[in-house]
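The values are calculated or read from the model by the stated rules, or taken from the named source; none is laboratory data. None of these values were measured; they are calculated from a predicted model. Positions of Cβ are generated from backbone atoms using ideal geometry, with glycine treated the same way; all protein chains shown enter the neighbour counts. Please note that ligands, DNA and RNA were not included when accessible areas were found on the heavy atoms of the full protein model with its side chains. Shrake-Rupley method; radii C 1.70, N 1.55, O 1.52, S 1.80 Å.
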Amino acid sequence: MWGAVLVAAAMVAAWPAAANDVHLLTTGAYRQVAQALIPQYEAASGNKVVVESDTAGGIIRKIEGGQPFDLVVLTTQAVGDLVTEGKLLSDSATDLAKVGIGVAVRTGAPHPDVGSVDAFKHMLIKAKSIAYIDPKAGGSSGIYVSGLIERMGLTRKLRRRTVLVNGGLVADQVVNGKAEVALQQISELANYPGVDLVGPLPREIQNYTVYGAGVSQSAAEPGAARALLAVFAGPNAAPVLEARGMQPPGA
């Protein structure tokens, strides 16, 4: 796998003059990292990256529906499933990052205590409204948060105070005043204008999602997609991950 990545990295430096569009499908959790690294790739290659972001479930539905793409960033489980289905090149599957779920409030609002499981549960009970991704949309954070609330026995108590988001950034619901608290992957809450990241979920109930990428079996630009993947997996990615609340996959 890494041999293929290193070959692709060399391809970036020796890219031909003809420019191409590379179509990237990415989950929202990785989008900010991708957007920070793409200029490096575009400057070296002369290519343009067309980015399309959705929940993991939404992206899978698009791929299953036949939407063309060159490179996809999804959960590693989903990447593996797509390799098995013959939709991704097996030698291109590469782990990129992992991220946990965090809690955010509007900038300037009091920060609730989320340092323990009991404190987090108390925060949920006291919050006027809580926003997270609708599990039906296929977002991994929404699926986990919904299950966590159910395991805590709070589903019925919180139902009328829950703001389910079909996709995108849950932080928007805090900024526009529709929710007091946002729960989503830390990378989608950190450094978002108008919200403060209070902190991660307590260790005992934290859930990490590992994201990976793969090149489409029918990519229009497979070489260009591999070169972009090499940038995502390269040494310059580590500080970008850290700045956006993510970690290297093996951390």
The set of residues whose placed amide H lies less than 5 Å from the amide H of Val198, leaving out same-chain residues fewer than 5 positions away, is Val103, Ala104, Val105
Of the cross-linked pairs Lys98/Lys178; Lys48/Lys87; Lys121/Lys157; Lys98/Lys121; Lys62/Lys178, which ones have a Cα-Cα span greater than 19 Å in the structure shown? Lys98/Lys178; Lys48/Lys87; Lys98/Lys121; Lys62/Lys178
Which one of Thr75, Ser90, Ile101 is farthest out on the positive end of the charge dipole of region 67-107, using unit charges on Cβ (Lys, Arg +1; Asp, Glu -1) and the Cα centre as origin? Ile101
So what J values fall out for region 162-176 if you push phi through Karplus, 6.51 cos²θ - 1.76 cosθ + 1.60 with θ = phi - 60°, rounded to Hz, Gly and Pro as x? 9, 10, 8, 10, 5, x, x, 9, 5, 4, 4, 5, 6, 4, 8
For region 93-210, just say rounded, prolate or oblate: build the C-alpha gyration tensor, square-root its eigenvalues into a ≥ b ≥ c, call rounded for a/c under 1.5, and beyond that prolate if a/b exceeds b/c, oblate if not. rounded
If one compares the long axis through the Cα atoms of helix 222-232 with the longest principal axis of the Cα atoms of the chain, the angle in degrees, nearest 10, works out at 50 degrees
Using the Karplus equation 6.51 cos²θ - 1.76 cosθ + 1.60 (θ = phi - 60°), what ³J(HN,Hα) coupling, rounded to whole Hz, does each residue of region 235-242 give in order, writing x for Gly and Pro? x, 6, 6, 4, x, 5, 4, 4
I want to verify a result. In a Gaussian network model of the chain, Cα cutoff 10 Å, which of these has the top mean-square fluctuation: Phe120, Phe232, Phe69? Phe120
Quick check on region 23-168: take the gyration tensor over C-alpha atoms, sort the square-rooted eigenvalues as a ≥ b ≥ c, and tell me if it's rounded (a/c under 1.5), prolate or oblate. prolate
In the full protein assembly as shown, how much of His111 is accessible to a 1.4 Å probe, in Å² to the nearest 10? 100 Å²
Additional length obtainable on full extension of the chain from Ile205 to Ala109, 0.36 nm per residue less Cα span: 32.1 nm
Between (i) 103; (ii) 121; (iii) 134, the structure-derived volume of the Cα convex hull per residue in Å³ is (ii)
Fraction of beta bridges assigned by DSSP in the chain that are antiparallel (%, nearest 5): 60 percent
To the nearest 10 square angstrom, how much accessible area does Lys48 have with a 1.4 angstrom probe? 120 Å²
The long-range amide H neighbours of Val163, using H built 1.01 Å from N in the peptide plane and a cut-off of under 5 Å, are Ile130, Ala131, Tyr132
Calculate one ³J(HN,Hα) per residue across region 153-158 by plugging θ = phi - 60° into the Karplus curve 6.51 cos²θ - 1.76 cosθ + 1.60, and present them in order as whole Hz with x for glycine and proline. x, 10, 4, 5, 5, 9
Tell me the angle of helix 28-45 to the major Cα principal axis of the chain, expressed in degrees between 0 and 90 and rounded to the nearest ten. 30 degrees
Can you tell me the relative contact order of the chain? Whole percent, Cα pairs under 8 Å, sequence separation 6 or more. 33 percent
Rounded, prolate or oblate (a/c below 1.5 giving rounded, otherwise prolate when a/b exceeds b/c) for region 145-211 by Cα gyration tensor: oblate
Ignoring ligands, DNA and RNA, what percent of the accessible area of the chain is carbon or sulfur (1.4 Å)? 53 percent
Gain upon complete extension [Ala220, Ala243; 0.36 nm per residue less C-alpha separation]: 5.0 nm
Here the net charge surrounding Asp54, from other residues whose Cβ is less than 9 Å away from its Cβ (Lys, Arg +1; Asp, Glu -1), is +1
For the chain, give the magnitude of the charge dipole about the Cα centre (Cβ charges: +1 Lys/Arg, -1 Asp/Glu; no others), in debye to the nearest 20. 1040 debye
Scan around Val22 for amide H atoms under 5 Å from its own, H built in the peptide plane at 1.01 Å from N, and keep only partners 5 or more places away or cross-chain. Lys48, Val49, Val50
Could you provide, to the nearest whole Å², the per residue accessible area of region 148-251 with probe 1.4 Å? 47 Å²
